[in-house]
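Asker: Can you read through this structure? Questions will come right after.
Every read-out reported here was derived from the displayed coordinates using simple, explicitly stated rules and does not represent laboratory data. Remember, predicted model here, so these are calculated numbers, not experimental data. Please note: Cβ atoms are built from the backbone with ideal geometry, for glycine as well, and neighbour counts cover all protein chains shown.
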Ligand SMILES: NC(=O)c1ccc[n+]([C@@H]2O[C@H](COP(=O)([O-])OP(=O)(O)OC[C@H]3O[C@@H](n4cnc5c(N)ncnc54)[C@H](O)[C@@H]3O)[C@@H](O)[C@H]2O)c1
């Protein structure tokens, strides 16, 4: 089993990665220590894996709650269902929630754990590539608001992350590609070697080669952990992890949640950030083309959807959480393997990028 620790003082926690961890009773028992447990899942993941995990945890007699799947359900109503279930079962402050699912279940469960009785523990059990490489790590939890993505949330670190790579076998190809978007992002912001490795091995991930998947998950978690350790609550450097997300979140919000997958919107956002960087002479046109090519080979879009207008995207970008004093902050690549947050960009160049004007 590959294990690494996110070093955050008394909020430090391990990330365990291996095939078959859903059946590892001893591993879970170490964290649960006879406390009441409630497994939160969604209506796609629960039929696949809930019974297996409940069997693993049978000595804890876990409660469970199944939510409707998908981004459009990362909302107040799902959050309220979690609170209602916890209160109905009489769970107290010593209870532990288990988020069994993708980033939607993870973000919802984490936020519920942050709020319920002023904060209880939770364990991330991510089942999508995206959640194994990204969303289960770092303690960002949230729900969406109709006026913006992830607008209501909290920083609340999990007790542990337990990633069973066997769960990826049931993942539809489109979801696998969506996870690749966040791995490509990691390479772009901090690790040129990971980017080069992806150029050589992207097909192996799409074919679910276990060694390739485990390597990509480990590298991405290591990059994210290092950044989170330096800046847990995103006062500075952590914003780099949002490369492509200002554009991506705006695309998701403008399209309506669930139309494009989060990873797909991020992929288009990465290519738009890279295009703006070329216009600003931060990135070579040849590097931009390599980024677009890699996204394409990963089965991802490298342009925004044609059904929304540049003005719609801009409207949502103006609501981004990184904006300060009314000024938009963007994460842009400075070559491959390095990125910076900047508010110093020419709005005309952003306009050209949103409009898709030729480079
Ligand atoms: N907290 C963070 O730091 C962070 C980082 C990145 C993304 N996110 C959030 O994560 C969410 C996206 O996560 P996601 O891509 O995992 O989406 P998701 O949770 O919606 O999962 C994608 C789909 O796959 C299904 N699914 C999950 N596991 C499966 C499996 N093993 N087999 C078959 N189907 C499976 C789900 O039911 C869902 O329909 C977004 O809401 C995004 O904002 C959060």
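Asker: Over segment 173-355, what is the relative contact order in percent, taking alpha-carbon pairs closer than 8 angstrom and at least six residues apart?
Answerer: After rounding, I find 29 percent.
Asker: For segment 173-355, what is Rg from Cα atoms divided by 2.2 N^0.38 Å, rounded to two decimals?
Answerer: Rounded to two decimals, the normalised Rg is 0.97.
Asker: Compute the distance from the alpha-carbon center of segment 284-359 to that of segment 109-171, in whole Å.
Answerer: Going from one Cα centre to the other spans 26 Å.
Asker: Mind checking the angle between helix 245-255 and the chain's longest principal axis? C-alpha axes, 0 to 90 degrees, to the nearest 10.
Answerer: 80
Asker: Hey, what number do you get for the chain at 222 nm if only DSSP H runs of n ≥ 4 count, each worth -39500 (n - 2.57), divided across all residues, to the nearest 500?
Answerer: The per-residue figure over the chain is -13500 deg cm²/dmol.
Asker: How much of the calculated P(r) for segment 73-134 lies past 15 Å, in percent of all Cα pairs?
Answerer: Tail of the P(r) past 15 Å holds 47 percent of the pairs.
Asker: How far is helix 285-297 tilted, in degrees, relative to the longest principal axis of the Cα atoms in the chain, given as a value from 0 to 90 rounded to the nearest 10?
Answerer: The angle comes out at about 40 degrees.
Asker: Is segment 319-359 rounded, prolate or oblate when judged by the Cα gyration tensor, a ≥ b ≥ c being the square roots of its eigenvalues, rounded requiring a/c under 1.5 and prolate requiring a/b larger than b/c?
Answerer: Oblate is the answer for segment 319-359, as a/c is 1.5 or above yet b/c matches or exceeds a/b.
Asker: Follow-up question, since we're still on this one. To one decimal place, what Kirkwood hydrodynamic radius in Å is obtained for segment 132-203 from all pairs of distinct Cα atoms?
Answerer: 14.5
Asker: Please work out the C-alpha center-to-center distance from segment 39-62 to segment 221-241 and express it in whole Å.
Answerer: 31
Asker: Right, here's the next one. How much FRET efficiency would the formula 1/(1 + (r/R0)^6) give for residue 26 and residue 200, where r is the Cβ-Cβ distance and R0 is 35 Å, rounded to 0.05?
Answerer: 0.40
Asker: What nm value, rounded to one decimal, do you get for the distance between residue 327 and residue 285 when each label is placed 7 Å out toward the C-beta?
Answerer: Modelled inter-label distance: 3.1 nm.
Asker: Sticking with this structure for a sec: Taking the Cα-to-Cβ direction at residue 52 and at residue 5 and moving 7 Å from each Cα, how far apart do the two end points lie in nm?
Answerer: So the label points at residue 52 and residue 5 sit 2.9 nm apart.
Asker: To one decimal place, what orientation-averaged projected area in nm² is obtained for the convex hull of the Cα set of segment 261-353?
Answerer: Here the figure is 6.1 nm², rounded to one decimal.
Asker: By what distance, in whole Å, do the Cα atoms of the chain stretch along each of the three principal axes, largest value first?
Answerer: Dimensions of the chain along the principal axes of its Cα atoms: 61, 40, 38 Å.
Asker: Calculate how steeply helix 192-206 sits against the longest principal axis of the alpha-carbon atoms of the chain, using the helix alpha-carbon long axis, and give the answer as 0 to 90 degrees to the nearest 10.
Answerer: It works out to around 60 degrees.
Asker: Going by a ≥ b ≥ c, the root eigenvalues of the Cα gyration tensor, does segment 26-123 fall in the rounded group (a/c under 1.5), the prolate group (a/b larger than b/c) or the oblate group?
Answerer: The shape class here is oblate.
Asker: Another question about this same structure. Checking the a/c ratio against 1.5 first, then a/b against b/c, what shape does the Cα gyration tensor give for segment 2-170?
Answerer: Rounded.
Asker: List the relative contact order of the chain as a percent without decimals, with contacts defined as Cα pairs under 8 Å and 6+ residues apart.
Answerer: 15
Asker: Of 42, 281, how do they rank once you tally other Cβ atoms within 10 Å and put the fewest first?
Answerer: 281, 42
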